[in-house]
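None of the figures in this text is laboratory data; all of them are computed from the coordinates on show. Please read these numbers as outputs of a predicted model, since none were measured by experiment. All Cβ positions, glycine included, derive from the backbone under ideal geometry; neighbour counts span all protein chains shown.
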Amino acid sequence: MFDEGYTAEGVAQALGWSRQLVTARAKILKLPAVGQQLVGIGEIPVSAIDSLLAIGEVSAPIVQAVVDAIAATTIGGSQLLSNPGWAIGQALRDAGKDTFGAYLNQLHQGDLKSLRLGKKTDALVTEAEQLHKQVDRYAYGPPTIRFTPADVDQARAAGVLIEFDSGPPIICDREVYRELSKQAIARTFADVKARVAEKGNAKRSAASKRERTPREELDVEHRANLREITRQAHGTNLDLGSALLTQLASVDPESMDVARFMAYGLLGPDASPYASNDDVAKTIAANGLRLVLEEHRTTTTPTLKSGARGKTKVAYCEPDVAAKWLWRFIDGATSAGELYGRALVVFAAQHYASQLVLPASKRRSSILPRSHKDTARKAFERVTKGVLPASYTQLERAIAAEARSYERSVAQLDTHARAAAASSTRRTAATEDERWRAVRA
């Protein structure tokens, strides 16, 4: 309709839509053809279109790379919303040579070679590496070359920067990136050179003083090394945060390592080194698994002297036996989904099992992990409630009905007791009045 000359208002009137809806849907036409198809089949959320168009205003090739990556299932369309910086980084790995993008937080070794910064800049990097070893004897390779907020401002002013709410921005112009890299290398070289000079001055100053003992020399050198390592730690922590946000903020839910971290972390160790009642696995075994699995119980019905059958008794295995079963059950999982499911099974056993069969001193409340806004418990109950048998629901109702009946009976007894006490008080008062009247007469 746009090709035929319709305006947005005309399209809205013809289709019976609002103008806002027409404008919003018309944005889809600005995407590459593959991107439009992916929106149509739901692989790219409609809410991600504005993000793609914003990226396209800076670099159309990067938009094409992202769309191609979604089509190839390298990334998911929803990840554009949850972690766009990481998603673009993943897409750039498989993009062609004509598509350029780099995180503007630090310059990596691979970039030094691919950017071809020139002989002078390469010489600065080599000299910075040599100086770095004078400052830090544990150094390996050149010092970390970081970009500053001023570098980011330059890229922003050039209109070649894609920024996000969290994580490092991405620069999408190779030439601008080359110039900023040269600046960063020169700045890093000057900084390392200044630190070498500072270290030399410190040594000369120390030499002018009295001679230190070997131990004092060792301590001085140790403290100097620690100060240098501490200085490096500030920047390393920033590098770590950036790497975590860009590479780890979205993981494969089918990964067994991810599942093991979640499931085994919730269950805790085999047993606490202290005699504690807070061992998660042992509590689940004692107050859940051994109560709900037939193999952990023994049922006996004695025969009385009269020949009649006596009262049936149920005995449960020791908690340690059930705990061993728990770990065999968890260790037997062969996929992430199965490991998550088995962890849910053992927690549900303790959460839902009726502990009325245990002495009051042995009963424990649910040990589901505490969470922000109680989100974990709510999610757990949504997942597990659908598998509860009808007999469980009936038992819960019976327990609730008995509790209500007991409360009513207690309330009635209290009411009768108060009425009797009031009646006794009135009779006592009447008797006292008669006695005083008799005395006065």
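Can you order the peptides 378-387, 213-222, 105-114 by their average number of other Cβ atoms within 10 Å per residue, highest first? Before the final figure, lay out each step's value.
Numbers: 378-387: 12.2, 213-222: 10.6, 105-114: 15.1.
Highest mean packing first, the order is 105-114, 378-387, 213-222.
Say the dipole of the chain comes from +1 at the beta carbon of Lys and Arg and -1 at that of Asp and Glu; which of Ser47, Phe380, Ser82 then lies farthest toward its positive end?
Of the candidates, Phe380 comes out farthest on the positive side.
Please identify every one of the chymotrypsin sites (Phe, Trp or Tyr not before Pro) in segment 273-379 that sits in a loop by DSSP and has no more than 14 other beta carbons within 10 Å of its own beta carbon. Intermediate results must be reported in sequence, preceding the final value.
Numbers: sites: Tyr274, Tyr316, Trp325, Trp327, Phe329, Tyr340, Phe347, Tyr352; in loops: Tyr274.
Of the chymotrypsin sites (Phe, Trp or Tyr not before Pro), the ones in loops of segment 273-379 whose Cβ has at most 14 other Cβ atoms within 10 Å are Tyr274.
Sticking with the crude label model, points 7 Å out along Cα→Cβ, report the distance from Lys385 to Phe2 in nm, one decimal please.
4.6
Calculated from DSSP H runs of 4 or more alone, at -39500 (n - 2.57) each and per residue, what is the 222 nm mean residue ellipticity of the chain, nearest 500?
On the way: 18 runs with 268 residues, N = 441.
Counting only the DSSP helices, I get -20000 deg cm²/dmol.
In nm, what is the difference between 0.36 nm times the number of residues separating Lys373 and Arg435 and their Cα-Cα distance? Walk me through the numbers before you get to the answer.
Numbers: separation 62, 0.36 × 62 = 22.32 nm, distance 6.83 nm.
Extra length available between Lys373 and Arg435 comes to 15.5 nm.
What order, most packed first, do the peptides 147-155, 247-255 have when packing is the mean number of other Cβ atoms within 10 Å of each residue? Don't jump to the answer; show the numbers that get you there.
Numbers: 147-155: 16.2, 247-255: 11.9.
In descending order of packing, they fall as 147-155, 247-255.
May I ask you to compute the full-extension gain from Leu245 to Gln394, defined as 0.36 nm times their residue separation minus their alpha-carbon distance, rounded to one decimal in nm? Mind dumping the intermediate values first?
Details: separation 149, 0.36 × 149 = 53.64 nm, distance 4.85 nm.
Fully extending the segment from Leu245 to Gln394 adds 48.8 nm.
Set the Förster radius R0 to 35 Å, insert the Cβ-Cβ distance between Trp17 and Ala158 as r into 1/(1 + (r/R0)^6), and round the FRET efficiency to 0.05. Please report the intermediate quantities before stating the final value.
Values: r = 39 Å, r/R0 = 1.12.
Once the sixth-power term is evaluated, E becomes 0.35.
Simple spin-label model, 7 Å along Cα-to-Cβ: Thr74 to Thr425 in nm?
8.6
I want to make sure I understand the PRE zone here: with the label point 7 angstrom from the Cα of Arg187 toward its beta carbon, which residues in segment 94-116 have backbone N atoms less than 16 Å away?
Under cut-off, by backbone N: 103-108.
With Kirkwood radius over Cα pairs in Å defined as stated, name the option among [x] 30.6; [y] 21.3; [z] 23.9 computed from the structure displayed.
Entry [x].
For Cα pairs less than 8 Å apart in space and 6+ apart in sequence, what is the mean separation divided by the residue count of the chain, i.e. the relative contact order in percent?
Details: 379 pairs, mean separation 40.8, N = 441.
Across the chain, relative contact order equals 9 percent.
Within the set of other residues whose C-beta is less than 12 Å from the C-beta of Thr384, count the net charge using Lys and Arg as +1 and Asp and Glu as -1. Don't jump to the answer; show the numbers that get you there.
Working: positive: Arg377, Lys378, Arg382, Lys385; negative: Glu381.
Net local charge, Thr384 excluded: +3.
Count charges around Leu238 for me, please; just the other residues with Cβ under 15 Å from its Cβ, Lys/Arg as +1, Asp/Glu as -1. Before the final figure, lay out each step's value.
Values: positive: Arg146, Arg231; negative: Asp151, Asp239.
Counting the neighbours of Leu238, the net charge comes to 0.
Using the Cβ atoms and a cut-off under 12 Å, what net charge is assigned to the surroundings of Ala322, where Lys and Arg are +1 and Asp and Glu are -1? Before the final figure, lay out each step's value.
Working: positive: Lys282, Arg290, Arg297, Lys324, Arg328; negative: Glu295, Glu318, Asp320.
With Lys, Arg at +1 and Asp, Glu at -1, the neighbours total +2.
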